Amino acid sequence: MAGKGRGYLGINNWFVTIIFAIIPFTSWLFGAITRIMRGHVIAGILQLIPPITLFFWITDIIGAFAKKDLLLFAD
């Protein structure tokens with residue numbers, strides 16, 4: 001399961017996680033997939049809704065820089 005690794009899709013590379021977090025489309029898609037794979041199905045679906053996507057995108061960028069992982073509903 002992808003929950004074992006850090007970052008998007010369980011990728012342990014910090015640089016790749018930052019690149020994916022900064023690009024809106026990859027953050028949107030990979031963030032939703034990662035949250036669903038880690039067991040947070042509702043959070044993954046919420047990320048796909050446009051107004052809520054902005055909130056997840058900002059928290060993912062902060063998390064990529066601060067903790068090298070997604071912060072919100074992705075533990």
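Taken together, the values in this text are just the output of simple stated rules run on the coordinates, not laboratory data. Keep in mind it's a predicted model, so treat the numbers as computed, not measured.
Brief remarks on what is shown
- In the chain, the ratio of gyration radius to Kirkwood radius, Rg to Rh, stands at 0.91 when only Cα atoms are counted.
- For the chain, the membrane-span-like helices by this rule, meaning whole DSSP H stretches whose C-alpha atoms cover at least 15 Å of axis and whose Kyte-Doolittle mean is -0.5 or above, are 24-37, 50-66; this says nothing about an actual membrane.
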